[in-house]
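First the structure, in the form of structure tokens, and then the observations on it.
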């Protein structure tokens, strides 16, 4: 059974800092990994999707890396802003589970002005 | 930018009642999903739907749940006889395909269901 873990559970940083969020998964036989952002009481906004054959993806100030063999992904946020405050979720699709995503519990990020 | 929409945003119901949650996926998407998130817990997969049939379902998706695409735009989740433990935020999602980068799943804003 695939288990997804995110560390840390919460993170508070001053504005302008570069930061790294971590995601680990127990079964390395994944098809892809997706990072989402969730604002309080709201839906999930897709940030980046990394295919299993890729090492990283970039979108603006966000960079996600994937090390499939070690079961890890990181989301790097450059020059953080108060508007980045949200919960960040990672989710993996296994090679053998159809399109179902298995989610981590998320990292709650607060960027202080 | 196209987005997934869901109605209602909030629903309160009595235990044992039937509820129908509605979703309008992104118009050219072919794969549809329902997930739920119990307060304080992880987002959990319920079911995926493609070509007018269920392609995968989780152990949560038992006989009290059903999904339907009644027309070309709506995708519904029906809970036949609600239980207290069905209280959760229910998310609909859609993706263009089931392959490659176009498999990115786009989520709606959710329906918060409260069963009393």
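The values are calculated or read from the model by the stated rules, or taken from the named source; none is laboratory data. Bear in mind that the values here come from a model prediction, so they are computed numbers and not experimental data. Neighbour counts are summed over all protein chains in view; Cβ atoms, including those assigned to glycine, are modelled from backbone coordinates with ideal geometry.
Below, the figures for the structure above:
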| read-out | value |
| --- | --- |
| Residue within region B:92-111 that is at positive phi, surrounded by 13 or more Cβ atoms within 10 Å (Cβ to Cβ) and under 16 Å from the mean Cα position of the chain (by Cα) present | yes |
| Breaking point among (1) assigned to a strand (DSSP E or B); (2) within 14 Å of chain B (Cβ to nearest Cβ), for residue A:42 | (1) |
| Positions within region A:23-39 being without any contact (Cβ under 8 Å) to a residue 60 or more places away in the chain, over 23 Å from residue B:89 (Cα atoms) and not in a loop (DSSP other than H, G, I, E, B), in sequence order | A:24 |
| Criterion (without any contact (Cβ under 8 Å) to a residue 12 or more places away in the chain and more than 24 Å from residue B:94 (Cβ to Cβ)) met by exactly one of A:56, A:17 | A:56 |
| Unique match (being crowded, with 17+ Cβ neighbours inside 10 Å, more than 10 Å from chain B (Cβ to nearest Cβ) and over 11 Å from the mean Cα position of the chain (by Cα)) among A:61, A:37, A:94 | A:94 |
| Which listed residue is within 10 Å of chain A (Cβ to nearest Cβ), within 30 Å of residue A:58 (Cβ to Cβ) and modelled with pLDDT of 95 or more, from B:106, B:35 | B:35 |
| Members of region A:15-73 that are touching a strand residue (DSSP E or B) at 6+ places or on another chain (Cβ under 7 Å) and at positive phi | A:71 |
| One residue from B:81, B:87 being away from chain A (no Cβ under 11 Å) and more than 14 Å from the chain's Cα centre (by Cα) | B:81 |
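Rundown of residues vs (1) part of a strand (DSSP E or B); (2) within 13 Å of another protein chain (Cβ to nearest Cβ); (3) farther than 26 Å from residue B:39 by Cα; (4) in contact with a helix residue (DSSP H, G or I) (Cβ under 7 Å, 6 or more places away or on another chain), yes/no style:
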{"site": "A:21", "(1), (2), (3), (4)": "yes, no, no, no"}
{"site": "A:46", "(1), (2), (3), (4)": "yes, yes, no, no"}
{"site": "A:49", "(1), (2), (3), (4)": "yes, yes, no, yes"}
{"site": "A:69", "(1), (2), (3), (4)": "no, no, yes, no"}
{"site": "A:74", "(1), (2), (3), (4)": "yes, no, no, no"}
{"site": "A:83", "(1), (2), (3), (4)": "no, no, no, no"}
{"site": "A:102", "(1), (2), (3), (4)": "yes, yes, no, no"}
